[in-house]
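K.L.:
First, the structure itself, so that you have it in front of you.
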Ligand SMILES: [Mn+2]
């Protein structure tokens, strides 16, 4: 962990571009918001850039909408300096080229140092300086450590963003990555003004009707395999069209099947418009789902991983089933 190098790099930079993986989750959004606030307070010119839209239930974190690559700014404009010229690029919650669609092309041609802050095991070494800690339950915990190391002031907004980062990456303190470091950090963040109940309502009691209908459709597809240990669910393009839900509405829905006592691993297959299938994998046991995802070019953690597969759905399901059998 090289906090000193990271602080030096930030200190000598005036203009900072901040991004995270596509399909941003609570950890990615929380880290973006926390760093925007913290670095903005230092007088830096910080520009967040997202690679896909923020799911509705994380919008409360953002004081103003962050631009989305491909929607608010095109790759060509970004390369031409449309968002500005930057002294450093900060990437949070990923170190994988395949989680930075289009942005990887900007990165390739940008002659600017890169700081990566990440907790994933899968790493492409994108950073000139890397704060990488795979023992951290969330990247938010590394950002918190960086803030404390640097002596940058904590505010209520920063605390809230880092709490969301940590709470969501631990499934609201349910997953096995929930260790004492998580609880100590969250205690500090509560002391800094976080209201957990309010955040819980914002995050989990905030479904749109269309998202709820998508969840109902998904639950209707659930099948148990391998003696009840492996749960498989899917959603199709038609489900999105019929319910009016968007792709980001699938976040966390996979965890619903963990309510079944026998389930130790689960997969959610999402049919995409281009014919491919997005596969999300979760484990509640020693099954290492990142190894399964890795076989198909994906990545993630032991407990949560994902990959893209060739369609149709049945083909994608068979590919994962074969790997799941090997691990069991
Ligand atoms: Mn994360």
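The values are calculated or read from the model by the stated rules, or taken from the named source; none is laboratory data. Owing to the predicted nature of the structure, the values given are computational and were not obtained by experimental measurement. So basically every Cβ, Gly included, is an ideal-geometry build from the backbone, and we count neighbours across all protein chains shown.
K.L.:
Kindly evaluate residue 293 against the criterion of being surrounded by 18 or more Cβ atoms within 10 Å (Cβ to Cβ) and closer than 27 Å to residue 51 by Cβ. Lay out the reasoning, then the answer.
P.N.:
Working: surrounded by 18 or more Cβ atoms within 10 Å (Cβ to Cβ): yes; closer than 27 Å to residue 51 by Cβ: yes.
Criteria met by residue 293.
K.L.:
Looking at segment 141-164 only, could you name the residues that are touching a strand residue (DSSP E or B) at 6+ places or on another chain (Cβ under 9 Å) and within 12 Å of the ligand (Cβ to nearest atom)?
P.N.:
Narrowing segment 141-164 to residues touching a strand residue (DSSP E or B) at 6+ places or on another chain (Cβ under 9 Å): 142-143, 145-146.
Within segment 141-164, 142, 143 meet the criteria.
K.L.:
Within segment 153-169, is even one residue closer than 22 Å to residue 121 by Cα and either without any contact (Cβ under 8 Å) to a residue 24 or more places away in the chain or assigned to a loop (DSSP other than H, G, I, E, B) (or both)?
P.N.:
no
K.L.:
Go through (1) free of Cβ contacts under 8 Å to residues at least 40 places away in the same chain; (2) assigned by TED's automatic domain parsing to the domain that holds residue 32; (3) closer than 15 Å to residue 252 by Cβ and name the single condition residue 187 misses.
P.N.:
Every listed condition holds for residue 187 apart from (3).
K.L.:
Continuing with the same structure: What is the number of the single condition among (1) away from the ligand (no atom under 14 Å from the Cβ); (2) closer than 17 Å to residue 131 by Cβ that residue 40 does not meet?
P.N.:
All conditions are met except number (2).
K.L.:
Could I ask something else about it? Can you tell me how many residues in segment 38-53 are crowded, with 22+ Cβ neighbours inside 10 Å and out of contact with any strand residue (DSSP E or B) (no Cβ under 6 Å at 6 or more places or on another chain)?
P.N.:
Residues that pass the stated criteria total 1.
This table checks each residue for (1) without any contact (Cβ under 8 Å) to a residue 60 or more places away in the chain; (2) over 22 Å from residue 158 (Cβ atoms).
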residue: 99; (1), (2): no, yes
residue: 103; (1), (2): no, yes
residue: 114; (1), (2): yes, yes
residue: 122; (1), (2): no, yes
residue: 137; (1), (2): yes, no
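K.L.:
Output the residues belonging to segment 185-211 that are closer than 23 Å to residue 136 by Cβ, touching a helix residue (DSSP H, G or I) at 6+ places or on another chain (Cβ under 7 Å) and in a helix (DSSP H, G or I).
P.N.:
185, 186, 189, 190, 196, 199, 203
K.L.:
Picking from 121, 88, which residue would you name as being away from the ligand (no atom under 16 Å from the Cβ) and on the phi < 0 side of the Ramachandran plot?
P.N.:
Details: 121 fails: away from the ligand (no atom under 16 Å from the Cβ).
Answer to the check: 88.
K.L.:
If only one of 94, 135 is surrounded by fewer than 22 Cβ atoms within 10 Å (Cβ to Cβ), outside the structural domain of residue 303 (by TED's automatic domain parsing), within 16 Å of the ligand (Cβ to nearest atom) and part of a loop (DSSP other than H, G, I, E, B), which one is it? Reasoning before the result, please.
P.N.:
Numbers: 94 fails: surrounded by fewer than 22 Cβ atoms within 10 Å (Cβ to Cβ).
Exactly one of 94, 135 is surrounded by fewer than 22 Cβ atoms within 10 Å (Cβ to Cβ), outside the structural domain of residue 303 (by TED's automatic domain parsing), within 16 Å of the ligand (Cβ to nearest atom) and part of a loop (DSSP other than H, G, I, E, B), namely 135.
K.L.:
Moving on to the next point. Looking at segment 99-113, is at least one residue more than 12 Å from the ligand (Cβ to nearest atom) and in a strand (DSSP E or B)? Give the steps one after another, and end with the answer.
P.N.:
Taking segment 99-113 first, the residues more than 12 Å from the ligand (Cβ to nearest atom) are 100-113.
Subsequent filtering for residues that are in a strand (DSSP E or B) retains none.
The answer is no; no qualifying residue exists.
K.L.:
Can I ask one more? Looking at the structure I just gave you, is residue 65 surrounded by fewer than 21 Cβ atoms within 10 Å (Cβ to Cβ) and either in a strand (DSSP E or B) or outside the structural domain of residue 83 (by TED's automatic domain parsing) (or both)?
P.N.:
Working: surrounded by fewer than 21 Cβ atoms within 10 Å (Cβ to Cβ): yes; either in a strand (DSSP E or B) or outside the structural domain of residue 83 (by TED's automatic domain parsing) (or both): no.
Against the criterion (surrounded by fewer than 21 Cβ atoms within 10 Å (Cβ to Cβ) and either in a strand (DSSP E or B) or outside the structural domain of residue 83 (by TED's automatic domain parsing) (or both)), residue 65 does not qualify.
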